[in-house]
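S.K.: Before we start, here is the structure in question, set down as structure tokens.
The values are calculated or read from the model by the stated rules, or taken from the named source; none is laboratory data. Being a predicted model, the structure only gives us computed values, none of them experimental. Neighbour counts run over all protein chains shown; Cβ positions are idealised from the backbone, glycine included.
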């Protein structure tokens with residue numbers, strides 16, 4: 001992007017190559033590009049491809065084609081998370097050394113069965129902001145010797161954040177939330193990471209999760225303004241906690257409206273909502289896309 005300086009605001013668009021981009025992605029990408037341009041800033045592209053089972057080079061190539069078709073320009077090189085696993089490992093190692101994470105050996109199935117049993121007995125189990133049951137944290141009671149034994153035997157586990165301990169270490173947390181695309185006014189939002197419980201930060205065979213990789217990437221790329229969908233706003237509480245624990249800079253945030261389908265639900269790759277490539281093949285222009293998403 002010409003006309004910017006190295007000290008200019010830095011924005012980023014960070015799709016996952018696990019499906020075709022749809023209108024919701026187009027809105028977010030165009031919004032990031034427009035806000036960066038108006039602020040005299042830089043736009044980065046990051047490919048969030050840590051999910052090796054679902055992400056493919058074909059989907060990534062489609063993302064690049066769709067963004068170029070929309071007229072969006074980004075700085076090179078593109079950052080691919082799969083090329084930077086060692087950086088996430090370093091961040092995780094710091095949290096392990098600070099005793100702010102613990103190995104959780106309960107599988108997803110075991111966790112679901114435990115929660116179902118509790119609910120069958122009439123006990124209410126709290127949910128996180130996404131509606132999923134909060135992890136019961138039974139593994140926190142395991143002694144160090146037992147943990148080391150099970151880890152040495154290659155038993156599957158996930159590294160979970162000890163959220164209570166992390167909050168005690170971090171202290172009160174807030175973030176700056178812009179109230180409009182013009183970025184003229186920002187509100188101070190109190191973070192509530194306790195609403196998420198002990199989130200997964202990595203697994204034995206995958207050294208990171210979305211939460212850990214996104215804060216690491218934003219810091220290493222010098223991102224100053226995070227512009228993303230309103231559905232990710234609650235996750236900012238966990239991101240602010242990790243930023244404080246890891247000594248990372250705090251970006252400003254703007255969580256934009258979501259593009260909804262005819263039935264009022266959020267567009268989704270998994271539900272095979274109409275992709276940009278399909279719309280392009282049907283004769284739609286980039287101008288049509290901008291009008292459709294309200295830009």
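S.K.: Out of 184, 138, report the one residue that is more than 24 Å from residue 207 (Cβ to Cβ), out of contact with any helix residue (DSSP H, G or I) (no Cβ under 6 Å at 6 or more places or on another chain) and either at pLDDT below 90 or exposed (fewer than 13 other Cβ atoms within 10 Å of the Cβ) (or both).
M.R.: Exactly one of 184, 138 is more than 24 Å from residue 207 (Cβ to Cβ), out of contact with any helix residue (DSSP H, G or I) (no Cβ under 6 Å at 6 or more places or on another chain) and either at pLDDT below 90 or exposed (fewer than 13 other Cβ atoms within 10 Å of the Cβ) (or both), namely 184.
S.K.: Moving to a separate point now. Quick one: is residue 214 touching a strand residue (DSSP E or B) at 6+ places or on another chain (Cβ under 6 Å), touching a residue at least 12 places away in the same chain (Cβ under 8 Å) and not assigned by TED's automatic domain parsing to the domain that holds residue 134?
M.R.: The answer is no for residue 214.
S.K.: Sticking with this one: Of all residues in segment 189-217, which are closer than 30 Å to residue 40 by Cα and out of contact with any helix residue (DSSP H, G or I) (no Cβ under 8 Å at 6 or more places or on another chain)?
M.R.: 190, 210
S.K.: Also, I was wondering about something else. So which residues in segment 243-254 are in contact (Cβ under 8 Å) with a residue 40 or more places away in the chain and in contact with a helix residue (DSSP H, G or I) (Cβ under 7 Å, 6 or more places away or on another chain)?
M.R.: Answer for segment 243-254, where residues must be in contact (Cβ under 8 Å) with a residue 40 or more places away in the chain and in contact with a helix residue (DSSP H, G or I) (Cβ under 7 Å, 6 or more places away or on another chain): 244, 245, 246, 250, 253.
S.K.: Test residue 172 against the criterion of being out of contact with any strand residue (DSSP E or B) (no Cβ under 8 Å at 6 or more places or on another chain) and modelled with pLDDT of 95 or more, and give yes or no.
M.R.: Answer is no for this residue.
S.K.: Only one residue in 223, 215 is under 27 Å from residue 151 (Cβ atoms), buried (at least 17 other Cβ atoms within 10 Å of the Cβ) and modelled with pLDDT of 95 or more. Which one?
M.R.: Selected residue: 215, the only one of 223, 215 that is under 27 Å from residue 151 (Cβ atoms), buried (at least 17 other Cβ atoms within 10 Å of the Cβ) and modelled with pLDDT of 95 or more.
S.K.: If you don't mind, another one. Can you tell me which of (1) in a helix (DSSP H, G or I); (2) in contact with a strand residue (DSSP E or B) (Cβ under 6 Å, 6 or more places away or on another chain); (3) over 25 Å from residue 244 (Cα atoms) is the one residue 117 doesn't meet?
M.R.: Of the numbered conditions (1) in a helix (DSSP H, G or I); (2) in contact with a strand residue (DSSP E or B) (Cβ under 6 Å, 6 or more places away or on another chain); (3) over 25 Å from residue 244 (Cα atoms), the odd one out for residue 117 is (2).
S.K.: Restricting attention to helices (runs of 4 or more DSSP H) lying wholly within segment 208-295, give those where 1 or more residues are within 28 Å of residue 61 (Cβ to Cβ) and within 15 Å of the chain's Cα centre (by Cα).
M.R.: 210-220
S.K.: Where in segment 5-85 are there strands (runs of 3 or more DSSP E), lying fully within it, with 3 or more residues that are free of Cβ contacts under 8 Å to residues at least 60 places away in the same chain?
M.R.: 42-47, 75-80
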